[in-house]
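Notes follow once the structure below has been shown.
The values are calculated or read from the model by the stated rules, or taken from the named source; none is laboratory data. Values in this document were obtained by computation on a predicted structure and should not be read as measured data. Note: ideal-geometry Cβ built from the backbone for every residue, glycine included; neighbour counts use all protein chains shown.
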Amino acid sequence: MRTPFLAVLLVIPAALSCTADAFTFGASHEDFLRRPDRVQIFLADHPTSWGRDYRDLPPGVKEEDLPRSGKNFVLPQEGPELSKEHRKQLAAAFVPASEPNPIPEKKCGFNPDIALRYWRGNTWMDVIVCLGCIQFIYIDAKGEQIASRNVGVLSDYTFLYQLAKEAFPEENFRFLR
C-alpha cells in the first residue's frame, strides 16, 4: 500500500517541474501574450558595456539608472501604454510555438529596437524586438530569457513597425519589406 502512495508523491513534483515554465506567470505563454492586462512599449538597446553607444541619454541620466530587461538589454525610453485596440491586434498577431513559424529564419545579428512589456497582474514578460531581422527575445520578470521555441512569434511585422514609429517618431528604425 505504501509503494503506490510513495510513487504518486514522487511523480507529482516531477510532473510539475516539467511544466514550471508555464507556471512562472500563472498562465501559459500564449495566454499571457493573448490576454495581457496592459502592454507598455519601450525603446530597447544593448548596454554600452557591449561597446555600443547608439542612443544619447538626457543630461544627468546614467545608463545604470535605466530600466533593464534581463542582463543584455536597457530600456532608455518608455513610450505610451498600448490601447485596447493595439493589444487586440498584437494578440491576433501572436503565433504560438505549436504552429509553424511564418517568419523565415534570418542570419543577421540581433539588434534590439523596441521592447513590449506584457503585464498580467503584478508580473510581466518582455518581448524584445529586432525590427531589422524580425526576431524576438523573451525575458521573464526574473530577468531570465525564455526560449523562443517555447513561446512563439508576433507575425504582423508591419504593425510592430507602426507601433514603434507611433511611440518613437524621431527614431530611424530599420524596416524590411
Go through LYS71, LYS142 for me and flag whichever is in a loop (DSSP other than H, G, I, E, B), within 19 Å of ARG38 (Cα to Cα) and of a type in the set (Lys, Arg). LYS142
Restricting attention to the stretch 135-154, which residues are surrounded by fewer than 19 Cβ atoms within 10 Å (Cβ to Cβ) and on the phi > 0 side of the Ramachandran plot? GLY143
Answer yes or no as to whether ARG117 is buried (at least 19 other Cβ atoms within 10 Å of the Cβ) and either of a type outside the set (Ser, Thr, Tyr) or in contact with a Lys or Arg (Cβ under 9 Å, 6 or more places away or on another chain) (or both). yes
Within the stretch 83-99, track down each residue that is touching a strand residue (DSSP E or B) at 6+ places or on another chain (Cβ under 6 Å) and of a type outside the set (A, V, I, L, M, F, W, C). ARG87, PRO96
Quick one: would you say ASN122 is modelled with pLDDT under 95 and closer than 20 Å to PHE73 by Cβ? no
